[in-house]
1. So what's the angle, to the nearest 10 degrees on a 0 to 90 scale, between helix 225-236 and the longest Cα principal axis of the chain?
2. What percent of all Cα-Cα pairs in the stretch 44-86 falls in each 5 Å bin, counting up from 0?
3. What fraction of the Cα pairs in the stretch 257-299, stated in percent, has a spacing above 13 angstrom?
4. At R0 = 41 Å, how high is the FRET efficiency between residue 260 and residue 49 if r is their beta carbon distance? Nearest 0.05 is fine.
5. Per the helix-only calculation at 222 nm, which mean residue ellipticity applies to the chain, given -39500 (n - 2.57) for every DSSP H run of n ≥ 4 and division by its residues, nearest 500 deg cm²/dmol?
6. D for the stretch 144-248, whole µm²/s, Stokes-Einstein with Kirkwood Rh over alpha-carbon pairs at 25 °C and 0.890 mPa s: what number?
7. So the label point goes 7 Å from the Cα of residue 293 along Cα→C-beta, right? Which residues of the stretch 136-150 then have their backbone N under 15 Å from it?
8. What distance in nm lies between label points placed 7 Å from Cα along the C-beta direction at residue 120 and residue 81?
Ligand code: R5P
């Protein structure tokens, strides 16, 4: 095939994806200099010349290191005369800073995406970006791949005729996508985050969840605060069971314990990160087939 794949050091499934796409892997040599700076080199740059290059890397953990490594790889691929570059970032970090919330802030999500574009990533594919609006910078060459339908499909082995719930209005796009696919009811909670303290308050809207199973769908679980609060509210309002799904399970510090204490029955996560937690409460789904499907369309 006319395409090669290069895996960033933070992404564990590059070779598997290349096999699925039936394309060659071009190796990247990495090292860190004694002062901590990074070095990379494409081991066989001739294999890239005049071919399409897929670069795949994810941005958690080590968001900042992954960012610089990805830009370095884009530049190296460009200088090796690739015909065009397709960048796949399953978890695109910093996308939550998608606007100026408090005066004096940058829009970091925009910085990340503009930089990828500046370094000649023609296409940008990502999974369930926090703010799809950010991808507008990429126009028709940017693709936000939703996997909430796959997460909900998995959840259906734990719940019966559930209501799908977004923990805030901003999360409705992914909830609606899955609800329409499976013909399920859906709704959202009203969340407010104090931008100084980070504290979350949630309004228990008038949703009748009494005796019902619930599947909460979010993009990211970080501290677990959002999910724990939403789950508690829904259980207090009489829900029978709460299953939580998220595309990106960062689950930092004591997030898992917080969610467990809130009474959640199961957490279902996609494998978008280089970070896994082995715990009976958590189940992972494999989204590589979805990435393969989407990328195949442009190869
Ligand atoms: C925020 O709007 C996001 O969609 C997530 O709900 C949020 O980032 C989750 O963070 P945490 O787990 O720290 O509450």
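1. For 225-236 against the chain, the angle is about 30 degrees.
2. Using 5 Å bins, I get a P(r) of 6, 25, 29, 18, 13, 8, 2 for the stretch 44-86.
3. On the way: 572 of 903 pairs.
So the pairs more than 13 Å apart make up 63 percent of the total in the stretch 257-299.
4. E(calc), rounded to 0.05, equals 0.20.
5. Details: 8 runs with 83 residues, N = 299.
Computed ellipticity for the chain at 222 nm equals -8000 deg cm²/dmol.
6. Values: Rh = 13.6 Å.
D = 180 µm²/s.
7. Zone members listed by number: 144-150.
8. 1.1 nm
Read-outs throughout are calculated quantities, based only on the coordinates presented, and are distinct from any laboratory measurement. Model, not experiment: these values are computed from the prediction. Note that each Cβ is placed from the backbone with ideal geometry, even for glycine, and that neighbours are counted across all protein chains shown.
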